[in-house]
Structure formats: structure tokens, C-alpha cells
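Note sheet for the following structure.
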Amino acid sequence: MTQNTLEKSAQIASPQKHPKVASINDVITFRLQRLVAIGERAGHHWSERMFDVSLNEWRLLALVVAHAPTRAGDMADALLMDKSQLSRVIKSMICKKFIRNTADPDDGRAIALQPTAEGLELYDRMLSEVLRSNERVLAPLSHAEIEAFNATLEKLLDHTQQMLDVRLAEDRIKAV
């Protein structure tokens, strides 16, 4: 395929709202994924080096702190992680004594996760580092740009979560 053919193909396939696309490098969702991947690589490095926890362990701890007591299934949904992978992360964090299993206050048969005192202390230290890291990432943006980006990101997250929820509901109906 020639460059001209590629450009025509991208222009035809490009929807009205999306900026001009000459290649995958111009697709907004691909660019967002690259931003996330860069952050993941950096996050894996500092979380393990500075705190001896994986990025997934940190994220689980942060969500448990934010939502305690919380069920593992809710954490799997929030982290977009399959239950077997999450189970390994939970076991690791329990072994490290950063979270603990407790009886779910809403359902005595279910298990809920809560942070331990050690987990809360680690959370505070790690959150400080996350905020410092975010300041470095956001450094080239003005306050107004950050506010606009944050509002746009929230809108996109809400919209894509709704689209995913509809698709998952349709899949469940088809499976029945």
C-alpha cells in the first residue's frame, strides 16, 4: 500500500469527530494507551524499588483504603482484573500484612477486604509519591489545561464504562 492509499484509507475510516488519522500513531485511544503504558512502566519501577509492592498491589491497597470494607469482586471490577489474577494479588497483600479479610457487614457469608494499620501507613507513603509523580507528568500543562483534561477524562471514563456495561449485559443475555 502506498502512503497516499494509506492516507485515503485512514481518512475514509476516520469518524467525523476524530482528528485526521494518517496512522495508528494518530488515533486518540492508542495515544492514551501509550500514555498509560509509559506511566505503568515508571510505576512498576518505583513501586517495587521504593516500596517492595507491585503496581497491582498498590492499586488494590489504594482501592481497599478508599472503599473499605469492600468485596474482592468489586475490586476486580474496579481494577478491570480477572478474579484469578486479583486473588493472587490479594493473597500477596494479606501475606505482607497490608490488607486483611473480614466478614462482610452486609452479608455474613461473604468476605470483605480492609486495610491493616501497616497498609494504611504504606498507603500514605505511596500516595505522597504518586502525587509527586503526577505533578511531574502534569508539569507542561497550565492549571486550566489540567482542569479541562480532568473534566474531559471523567466524561470519557463515564461514557466508555456505560458502553462496556451495555456490552457485558448484552453478552450475558446472549449466554442465557
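The values are calculated or read from the model by the stated rules, or taken from the named source; none is laboratory data. Every value quoted in this text rests on a predicted model; they were computed, and no experiment measured them. Note that each Cβ is placed from the backbone with ideal geometry, even for glycine, and that neighbours are counted across all protein chains shown. Accessible surface areas use protein heavy atoms only, side chains included; no ligands, DNA or RNA. Shrake-Rupley method; radii C 1.70, N 1.55, O 1.52, S 1.80 Å.
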Note to self: Tell me the carbon and sulfur percent of the accessible area for the stretch 132-176, rounded to whole percent, probe radius 1.4 Å.
What the structure shows: 61 percent
Note to self: Using 0.36 nm times the number of residues separating residue 144 and residue 24, minus their current alpha carbon distance, what extension gain do you get?
What the structure shows: 40.3 nm
Next item on the list: Kindly work out what percent of the DSSP beta bridges joining two residues of the chain are antiparallel, to the nearest 5.
Entry: 100 percent
Item checked: Prolate/oblate/rounded call for the stretch 68-107, Cα gyration tensor, a/c under 1.5 rounded -> oblate
Notebook entry, point to check: Between residue 168 and residue 95, what is the FRET efficiency for a Förster distance of 25 Å, r being their Cβ-Cβ separation, to the nearest 0.05?
Noted result: 0.20
Next item on the list: Among the aspartates and glutamates, select those whose C-alpha is under 12 Å from the C-alpha of residue 83, and discard any that sit fewer than 8 residues away in the same chain.
Entry: 74
Check: Which of 130, 44, 111 sits closest to the plus end of the dipole of the chain, meaning its Cα is farthest towards the positive end, when Lys and Arg get +1 and Asp and Glu get -1 on the C-beta?
Finding: 44
Check: How much accessible area per residue does the stretch 13-130 have, in Å², with a 1.4 Å probe?
Finding: 63 Å²
Next item on the list: With label points built 7 Å along Cα→Cβ from the Cα atoms of residue 36 and residue 106, find their separation and express it in nm.
Entry: 2.6 nm
Notebook entry, point to check: Which value, in debye to the nearest 20, describes the size of the charge dipole of the chain about its Cα centre when Lys and Arg Cβ atoms bear +1, Asp and Glu Cβ atoms bear -1, and nothing else is charged?
Noted result: 500 debye
Margin query: Please enumerate, by chain and number, the aspartates and glutamates with C-alpha under 16 Å from the C-alpha of residue 96, excluding those fewer than 8 residues away in the same chain.
Written below: 48, 52, 57, 118, 121
Next item on the list: Name the shape class, rounded, prolate or oblate, that the alpha-carbon gyration tensor gives for the stretch 33-90, where a ≥ b ≥ c are the square roots of its eigenvalues, rounded holds for a/c under 1.5, and otherwise prolate holds if a/b is larger than b/c and oblate otherwise.
Entry: prolate
